[in-house]
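The values are calculated or read from the model by the stated rules, or taken from the named source; none is laboratory data. Nothing here was measured: the structure is a model prediction, and the numbers come from that model. Cβ: placed from backbone, ideal geometry, glycine included. Neighbour counts: every protein chain shown.
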Amino acid sequence: MRNKNINEAYSADYREEYPKFTREMKETHTILIPNMLPTHFEFLTVVFGIFGYKNTVVLENESRSVIDEGLKHVHNDTCYPALCVIGQYIDALKSGKYDPDRTAVMITQSGGGCRASNYVPLIRKALKAEFPNVPVLSLNFSGFEKDSGVEVGPKMLLMLAYAIFYGDVLMSLYNSTKPYAVDGDLPDKIKEECVDLVKRALTEGGYKKYKSIVSDMIKRFLAIERRDERKVKVGIVGEIYVKYSPLGNSGLEKFLLSEGCEPVVPALMDFVMYCIVNNINDARLYGKNKKTALVYKLVYKILLRVSRGIIKLFKENGLTPPHDFEHLRKLADRVINQGVKMGEGWLIPAEMAALAEDGTENIVCAQPFGCLPNHIVGKGASRAVKQLYPEVNIVAIDYDPSATKVNQENRIKLMLAAAREKERAREKK
C-alpha cells in the first residue's frame, strides 16, 4: 500500500511539472510539427485546421544547427530520430519566429515497443531547459497523454487516413515521373497543382471521392512527356523517420534523383496498417485486448478496401501500383514471424521482398543510430531476403550525428555503379 501511495504521489507531482495543452490553446497557439514527410504532413495540417487546431506549421529548418541543438539537449545514446526531432523544435524556437508563450509542439506516438513512444517525456525535458512554457501535444490512438493529446474522433481519423493515402499517391507519381520527364521542372509544377487539388477536397468535404481525385492526379502526371529510357530503380526502406525525412536521411530522395535514379518509396499507409495489424495479432497470438482488436479489424478492413481501390486505378493506367498489404504480410511470413513487431518489425523485410518482386533490385535500408530493433529486422533480415531474391542488392546506410553526407552518398554511389554495370551486362545479352 505504501508503494502504491508513493507512486501515486510521484505521478501527481510529475503531472504538475509540465505545461498542458488545453482546448483554448487550439485557437491561440502555433503548433510546430517535425518535417518527416513534407507533402503528407502539409495535408495533415489542413485536417488539423478543420478540427480547430488553427495554426499548425510543418518545420523546414534542416541546417546543421538542428543536429547541434539535438546533441545539446538529448543524451547521446538516444536514437538519431529523437535527436533530429528535438533539435528541430529547439532550433525553430530559437529562431525568433515563434512566441514561446504561444507555441506548442506536436509528436506522434505509435504505442509500439520503441523509444519513439517515449519521445514525449524526452521532448518535455529538453524544452524545460530553455522553453519551459511550451507544451507537448501528442497525436496517438492508444490513450496516451490524456491531458495533452489531440482529440481524435471518427471523422478526423477518417480524414487523416485519406490525407495519408493522397500523400502516398502523390509521392509515388512524382518519383516515378521526375527522372523521365523531358521538361524537368514540369513534375514539380504538376505536384503543386495536385497539392492544391487535395487541399480543396479536404476543406470542401469531397475527400472521400478518392477514385476521382486519384484518377485526376494520375491523368496530370501521365500527360507529362517522358523520355523512353531505363533508369536504375532504388527502393528505400528502414526506420520510419529516416526512411522518409529529408533531415534524417540527408535528402536521400533528392540525391537519388540527382544521380538519375528512380526512388521507389513504400507508402506511409503501409506503416499505419502495420501498426493496426500488430494490435490484431496481439489478440490472436497473446490473447490481449480482444474487444479492441474487433475495432482494429473494422478499421483495417476499411483502409484495405481504399488501398485496393487505388491499386486498381494504378494498374488500369499501366503504372506500378502501391503494395497490397495482405501480400506484404504473406511476404513477411517467408522471412520472419509477424509476432516480431518491435520498431518497424516484420514490415522492413516484407517491403524489401515486395520491392524485389516488382523489379526494384537495389535497396537502401536506412538505419539510424540507436535503433536496435531496426538493425535486427533490417540488417539482420537482409540475408534471408537475398536468399529468396539472389539478384537483390541491399545496402544498409547508417544515419547518425557523426556520419558525413559524403560517406553516405559514396556508399550509395558504389551500389549504383554495380547496378549500372549489371544493366549494361543485361543489354549485351
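Somewhere in region 393-402, is a residue more than 26 Å from LEU268 (Cα to Cα) and modelled with pLDDT under 95?
Yes, region 393-402 has at least one match.
Considering only residues of region 331-351 that are among the charged types (D, E, K, R) and crowded, with 24+ Cβ neighbours inside 10 Å, which is nearest to the chain's Cα centre (by Cα)?
GLU344
Does LYS191 satisfy the criteria of being touching a helix residue (DSSP H, G or I) at 6+ places or on another chain (Cβ under 9 Å), among the basic types (Lys, Arg) and exposed (fewer than 15 other Cβ atoms within 10 Å of the Cβ)?
Numbers: touching a helix residue (DSSP H, G or I) at 6+ places or on another chain (Cβ under 9 Å): yes; among the basic types (Lys, Arg): yes; exposed (fewer than 15 other Cβ atoms within 10 Å of the Cβ): no.
It is false that LYS191 is touching a helix residue (DSSP H, G or I) at 6+ places or on another chain (Cβ under 9 Å), among the basic types (Lys, Arg) and exposed (fewer than 15 other Cβ atoms within 10 Å of the Cβ).
Run ILE123 past the list (1) surrounded by fewer than 19 Cβ atoms within 10 Å (Cβ to Cβ); (2) touching a strand residue (DSSP E or B) at 6+ places or on another chain (Cβ under 8 Å); (3) assigned to a helix (DSSP H, G or I) and report the number of the one that doesn't hold.
(1)
Could you pull out the residue among LYS94, LYS26 that is closer than 25 Å to LEU157 by Cα, assigned by TED's automatic domain parsing to the domain that holds GLU130 and either crowded, with 18+ Cβ neighbours inside 10 Å or in contact (Cβ under 8 Å) with a residue 24 or more places away in the chain (or both)? Working first, answer last.
Details: LYS94 fails: closer than 25 Å to LEU157 by Cα.
Among LYS94, LYS26, only LYS26 is closer than 25 Å to LEU157 by Cα, assigned by TED's automatic domain parsing to the domain that holds GLU130 and either crowded, with 18+ Cβ neighbours inside 10 Å or in contact (Cβ under 8 Å) with a residue 24 or more places away in the chain (or both).
Might you check whether a residue that is more than 19 Å from HIS29 (Cα to Cα) and at pLDDT below 90 occurs anywhere in region 87-96?
Within region 87-96, not a single residue is more than 19 Å from HIS29 (Cα to Cα) and at pLDDT below 90.
Is it fair to say VAL182 is at pLDDT 90 or above, β-branched (Val, Ile, Thr) and surrounded by fewer than 21 Cβ atoms within 10 Å (Cβ to Cβ)? Steps first, answer last, please.
On the way: at pLDDT 90 or above: yes; β-branched (Val, Ile, Thr): yes; surrounded by fewer than 21 Cβ atoms within 10 Å (Cβ to Cβ): yes.
Answer is yes for this residue.
Can you find even one residue in region 363-383 that is farther than 29 Å from GLU229 by Cβ, modelled with pLDDT of 95 or more and in a helix (DSSP H, G or I)?
Among the residues of region 363-383, not one is farther than 29 Å from GLU229 by Cβ, modelled with pLDDT of 95 or more and in a helix (DSSP H, G or I), which makes the answer no.
Kindly indicate whether PHE131 is surrounded by fewer than 20 Cβ atoms within 10 Å (Cβ to Cβ), among the aromatic types (Phe, Trp, Tyr) and modelled with pLDDT under 95. It would help to see each step written out before you state the result.
Details: surrounded by fewer than 20 Cβ atoms within 10 Å (Cβ to Cβ): yes; among the aromatic types (Phe, Trp, Tyr): yes; modelled with pLDDT under 95: no.
Judged against the criteria, PHE131 is not a match.
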